[in-house]
Structures are given as structure tokens and as C-alpha cells.
Amino acid sequence: MPLSDLQSEILRLLAAHRTPDSFVGGATPLHRDGPRQSDDIDIFHDREAAVAAAAEADAALLRAAGYTLAWLRREPALLAAAITRGGATTRLEWLRDSDFRFFPAVRDDLFGYRLHRADVATNKALAAASRREPRDVLDLLLIHDRYLPLGAVIWAAVAKDPGYAPESLVTEIRRNARYRDDDYAELTLTVPVDAGEIARRFRQALAAAEQAIAALPPGTEGSLFLRDGVPAQPDPAHPGGLIVHAGQRGGHWPSSAEIGSAMLDRDPPAPG
């Protein structure tokens, strides 16, 4: 399921309007293969002036294509609308977000342009530390199992919020991650989840993250590690072959001529 039919239709329709400066962010890029369906689609912009312009252009295209659009919120840096067609509804949000990233936005056939998964992952870690939302636990487990272990995610995430050290970020994520079955029941999931099993798996993931953080090289906090152009968690037993990759405004690709940008956002296969 993860993306509804309506969401997929909307994303394809609006893909031509997406650019490296107006791209799909939030957790939506995870949901193409994830266990849950998001209630909304976030479209990020680096500049406040671009938010309203993008929202109005997208709204005009949606209406011309036969969708019903009702504005829910209209502020300079955040516009939100409910989009309806054929009895189905989803929410679109156009918003300004920090331009400090590890990578530029990535070209994508479905989304047009989307936030790189490394930036989705680090943003999700910070979100999980600052709020109590059961969806954050499911998303972080998906990231940990299929994309990048949480130790590497949390190590890098602190660059986006200097108020955290990797250890304190783990502490805050753990403090918020206390959910019951009825909390998960409010989410739209491909299959029901057991809160006890989710809690056990998440404790294990955070414990593994703490072990990894303790072994990572001091002075590289706030950086990603790349192996063959792909974000990876260093193995203390085999520390070679890694590139330290720091974030910057707008994000950037590694400068090494041996690394092609096409390699930098591929997904490893899901564990079988």
C-alpha cells in the first residue's frame, strides 16, 4: 500500500513542478516501500518566498486535472490543503525547511525531486527526539532495517541541531518511544503491529546505536560515512574504505571523481 492511489496520482501529476529547490520531503519518500501510509505529502523549499508560489502553481494544476482542493492553512512559510478525488482525500503541505543537508535533492521518476534518504533519516531522528508520535518509531525501524543503522543516522543527525550530542539524542528518542497498541491502531498500516514486539526491536536498535556511537571516531560527530558512495555505518573491525561526508547549505555530492552521484541514494535490498 504505502502510498495511496490518490497520493501516487498527485505525486506524478505534480512531478513536473518539482525542482532541486522545491522537492518532496518528510517521510513520504520512505513510504514507497514502508509499512505505513502517511496522511500527508510535504513539499519542502529553502526560501520562504518560494513556498506560496509553488503552492499556487500546484493548486492550479490540481484543479485543472479535476481534483477538489480546500485550503486548510495559508501562512507565508506554510500552506496546507486537503486534496479530494473519487471519495479519497489526502493532505498536501508546502513549507520552508532548513537548507542544511548532506546531499542535494534527488531526481526521481515518481516525486520529480525528493529529499535524499540520508536527510530523511537524520530529520526523522531529530523529530523522534522532539515529539511523541508512534509513526516515528516505525519509520526509524524501517530506516535501521533497510537503509542505514541508527548509530550512523544519529551520529550524523546532530549536525542539524547542535543542541544535541549523539548520546543525548539517543536518550531523547528513547524517552519518547513509549507506545501502546491503541497508539499504533490510529495509523494506516499494511499489517497490524504488536506494540510489545515493536518496543523490543526498537530497544535493540537503540542499544546497537549506543554501541556504535561509542566506537565511532571522535571529532567526526555530525558526519555521515560513505562506502562506495553509499552511507554506511563503520565497522570497527574493518575501518578502511570510508569517506567522511559533512553537511552544508544545499547539500553536496562527494568530490571524489571515483564516486558517481547515481550511487549515492540507492537502497540496499530489504533483509530477507
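The values are calculated or read from the model by the stated rules, or taken from the named source; none is laboratory data. All values reported here derive from a predicted model rather than from experimental measurement. Note that we place each Cβ from the backbone using ideal geometry, even for glycine, and neighbour counts take in every protein chain shown.
Summary table
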| read-out | value |
| --- | --- |
| Selected residue [in contact with a Phe, Trp or Tyr (Cβ under 6 Å, 6 or more places away or on another chain), over 12 Å from I10 (Cβ atoms) and modelled with pLDDT of 95 or more] from A64, A81, A54, A70 | A54 |
| Restricting segment 84-98 to residues that are within 20 Å of the chain's Cα centre (by Cα) and at pLDDT 95 or above, the residue that is farthest from Q7 (Cα to Cα) | R96 |
| Residue among E167, E221, E210 that is over 29 Å from R36 (Cβ atoms), at pLDDT 95 or above and among the acidic types (D, E) | E221 |
| Inter-residue pairs, beta-carbon under 8 Å, first more than 18 Å from R91 (Cβ to Cβ) and in segment 6-23, second in a helix (DSSP H, G or I), 6+ apart | D21/A50 |
| Meets criteria (outside any loop (DSSP other than H, G, I, E, B), assigned by TED's automatic domain parsing to the domain that holds L226, crowded, with 21+ Cβ neighbours inside 10 Å and in contact with an Asp or Glu (Cβ under 6 Å, 6 or more places away or on another chain)) for A128 | yes |
| Residue list for segment 192-219, filter: part of a loop (DSSP other than H, G, I, E, B) and surrounded by 15 or more Cβ atoms within 10 Å (Cβ to Cβ) | V193, L216 |
| Some residue of segment 107-127 being in contact with a helix residue (DSSP H, G or I) (Cβ under 9 Å, 6 or more places away or on another chain), modelled with pLDDT of 95 or more and among the hydroxyl-bearing types (S, T, Y) | yes |
| Total residues in segment 8-53, condition of a type outside the set (S, T, N, Q) and assigned to a helix (DSSP H, G or I) | 17 |
| Test for L189: is it over 21 Å from the mean Cα position of the chain (by Cα) and buried (at least 17 other Cβ atoms within 10 Å of the Cβ) | no |
| Matching residues in segment 166-186 - criterion: being part of a loop (DSSP other than H, G, I, E, B) and more than 19 Å from the chain's Cα centre (by Cα) | R178, Y179, R180, E186 |
